[in-house]
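Enquirer: Here's a structure for you.
Here, each number is a calculation from the coordinates, and none is a lab measurement. Quick caveat, the model's predicted, so the values are computed rather than measured. Counting neighbours? That spans all protein chains shown, and the Cβs are built from the backbone with ideal geometry, glycine included.
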């Protein structure tokens with residue numbers, strides 16, 4: 001098992017839950033991808049591989065992965081979400097196209113500095129943040 005899957009297994013067991021084969025297969029699917037996955041993509045991929053995992057189990061396991069801090073949920077707008085594993089990856093933010101759903105990652109040190117400044121000014125101890133900028137990608141703007 002990959003390190004991230006073992007960390008998730010520990011998290012599940014600490015919560016007093018069972019680390020079922022279905023939960024393991026969802027976790028391994030997410031950790032093996034470097035894409036922004038939605039729940040339906042995860043379900044479809046698992047079904048192609050012959051897994052009989054239920055849609056409800058996929059959604060519940062994704063929620064547990066987010067709770068564990070190993071996966072981030074990205075709000076795509078209009079009640080859509082994508083997931084990406086963040087364990088061992090540098091922090092980044094997202095540009096989200098409202099038309100096609102494309103998600104582009106970006107890093108901007110100035111944004112990070114401004115957030116640190118805002119926290120210092122307010123005597124606020126941040127534990128994390130998420131920044132999504134919504135709009136239209138180059139392809140959708142041209143249409």
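Enquirer: Just how far, in whole angstrom, is region 8-46 from region 115-139 if you go by their alpha carbon centroids?
Expert: Centre-to-centre distance over Cα atoms comes out at 28 Å.
Enquirer: Further question: Remind me, relative contact order of region 1-90 in percent, using alpha carbon pairs under 8 angstrom and six or more residues apart?
Expert: Value for region 1-90: 29 percent.
Enquirer: Now a separate question. So how far apart, in nm, are the two label points at residue 67 and residue 18 if each is 7 Å from Cα heading toward Cβ?
Expert: Those two pseudo-labels are separated by 1.7 nm.
Enquirer: Quote the FRET efficiency, to the nearest 0.05, computed for residue 33 versus residue 102 with a Förster distance R0 of 22 Å and r equal to the Cβ-Cβ distance.
Expert: 0.85
Enquirer: For Kirkwood radius over Cα pairs in Å, several values are listed as [x] 17.1; [y] 14.7; [z] 16.8; flag the one computed from this structure.
Expert: [z]
Enquirer: Order by neighbour count: 123, 51, fewest other Cβ atoms within 10 Å first, most last.
Expert: Arranged by neighbour count, lowest to highest, 123, 51 become 123, 51.
Enquirer: Hey, what number do you get for the chain at 222 nm if only DSSP H runs of n ≥ 4 count, each worth -39500 (n - 2.57), divided across all residues, to the nearest 500?
Expert: So the helix-based figure for the chain works out to -13500 deg cm²/dmol.
Enquirer: Moving to a separate point now. Report the label-to-label distance for residue 40 and residue 113 in nanometres (one decimal), using points 7 Å from each Cα along the Cα→Cβ vector.
Expert: For the pair residue 40/residue 113, the computed spacing is 4.2 nm.
Enquirer: If you stretched the chain out fully between residue 142 and residue 130, how much longer would it get, using 0.36 nm times the residue separation minus the C-alpha to C-alpha distance?
Expert: Going from the current span to full extension adds 1.5 nm.
Enquirer: Pull up the DSSP beta bridges for the chain and report the antiparallel fraction as a percent, rounded to 5.
Expert: That works out to approximately 75 percent antiparallel.
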